[in-house]
1. Based on the alpha-carbon set only, what is the convex hull volume of the range 245-288 divided per residue, in Å³?
2. Out of the DSSP beta bridges found with both residues in the chain, what percent are antiparallel (nearest 5)?
3. How much space per residue, in cubic angstrom, does the convex hull of the C-alpha atoms of the range 197-327 take up?
4. Cα centroid distance between the range 45-69 and the range 97-149, in Å?
5. Between ARG300 and GLU20, what is the label-to-label distance in nm when each label sits 7 Å out along the Cα-to-Cβ direction?
6. Using only Cα atoms, figure out Rg for the range 64-152 and give it as a multiple of 2.2 N^0.38 Å.
7. Can you compute the modelled spin-label distance between GLU13 and ASP227, with each label point 7 Å from Cα toward Cβ, in nm?
8. Run the paramagnetic zone check for HIS126: 7 angstrom along Cα to Cβ, then residues of the range 65-109 with backbone nitrogen under 15 Å.
Amino acid sequence: MTETTGPDPTALEVTADDIERAAAAIGAQVRTTPIVEIPGEEIGLDATLVLKLEYLQHSGSFKARGVANFVAAHPIADDGIVAASGGNHGAAVAWAADRFGHDAHIFVPTTATPAKVQRLRQYGAHVHEVGAVYGDALIASREYLEHHHATSIHAYDDTVVMAGAGTCARELDLAAPRLDAVMTACGGGGLSGGAAAWYGTRAEIVAVETFGTPAYAAAAAAGEPVDIEVTGLVADALGATRIGATGFRALRAIDATSVLVDDGAVMAAREHLWNWLRIVVEPAAAAPIAALMTGSWAPRSAGDRVGIVLCGANTTLDLSPDPTGGTPVTRPTR
């Protein structure tokens with residue numbers, strides 16, 4: 001068994017040099033996703049919004065970057081790759097396994113979004129549906145690892161994975177230099193932490209969560225990662241019950257801004273993106289737009305340039321209040 005369960009506490013930092021090395025390692029494997037510049041006045045802001053269309057990435061989200069970087073940096077065991085995720089990480093693992101010629105065993109709870117489970121199967125992954133909550137799937141994946149020579153990739157709390165995620169911020173910086181702020185949805189902290197590691201203090205990093213998924217907000221208040229209960233419509237994507245130590249350290253090092261929005265605002269923002277730009281993203285990806293539309297966060301100065309990562313689109317075309325096709329997810333602390 002080869003398992004990566006988390007970072008070495010003495011080596012949590014991810015640097016811009018790490019992200020440069022990741023970009024070199026995965027450049028031929030991942031897509032360089034485009035940007036679109038939009039006048040902020042269309043949603044009542046005196047700013048320019050620079051949208052990074054990362055939902056066009058392989059596997060439908062930024063997660064492909066971190067998984068590709070991990071696979072490039074580590075030998076994969078004979079029995080392939082194992083992940084416990086019914087969400088974007090599982091899809092990224094399934095994509096990478098298919099691309100690099102490995103088996104993938106993805107363990108998901110029975111409450112996983114049908115659209116995302118279908119995505120796993122499209123990549124040829126062996127999907128194991130176990131239990132009603134993520135914790136059940138996680139336990140089952142660990143039991144599988146005890147009896148098989150397989151490699152486990154953590155969804156976010158790994159320096160190599162986060163360096164891969166940081167290549168998204170690097171691309172945004174190269175395509176749109178001189179941004180005043182960069183907004184991302186925040187779950188386990190891989191994407192937002194990678195942005196913090198790349199930009200440092202050159203831009204304000206804004207980590208947007210919902211009131212039902214406040215992993216970074218709770219950690220920022222406590223001064224360290226803490227367990228939370230996760231609820232709501234974006235829990236399948238932003239449902240980390242504790243922010244990763246790697247991402248938290250990167251965010252706190254630059255005092256990244258924490259913003260919370262409610263589920264209703266997220267769904268309104270998602271619908272607005274469709275009506276406005278004919279973009280369909282998953283609810284979590286619309287969280288930064290929700291923060292702008294509700295005034296939960298605003299640019300510091302008139303005329304600011306604000307980068308916004310639209311991080312994933314593993315969803316259906318249904319723009320109803322519950323695009324998961326079921327009841328909102330509630331996840332216990334883990």
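1. 93 Å³
2. Once the DSSP bridges in the chain are tallied, antiparallel ones form about 20 percent.
3. Looking at the range 197-327, the number lands at 111 Å³ per residue.
4. 24 Å
5. Spacing of the two 7 Å Cα→Cβ label points: 2.6 nm.
6. Details: Rg = 11.8 Å, N = 89, 2.2 N^0.38 = 12.1 Å.
Output field value: 0.98.
7. For the pair GLU13/ASP227, the computed spacing is 3.1 nm.
8. 77-84, 94, 97-98, 102-108
Computed from the coordinates by the stated procedures, all read-outs in this text should not be read as laboratory data. Please read all numbers here as calculations on a predicted model, not as lab measurements. Neighbour counts run over all protein chains shown; Cβ positions are idealised from the backbone, glycine included.
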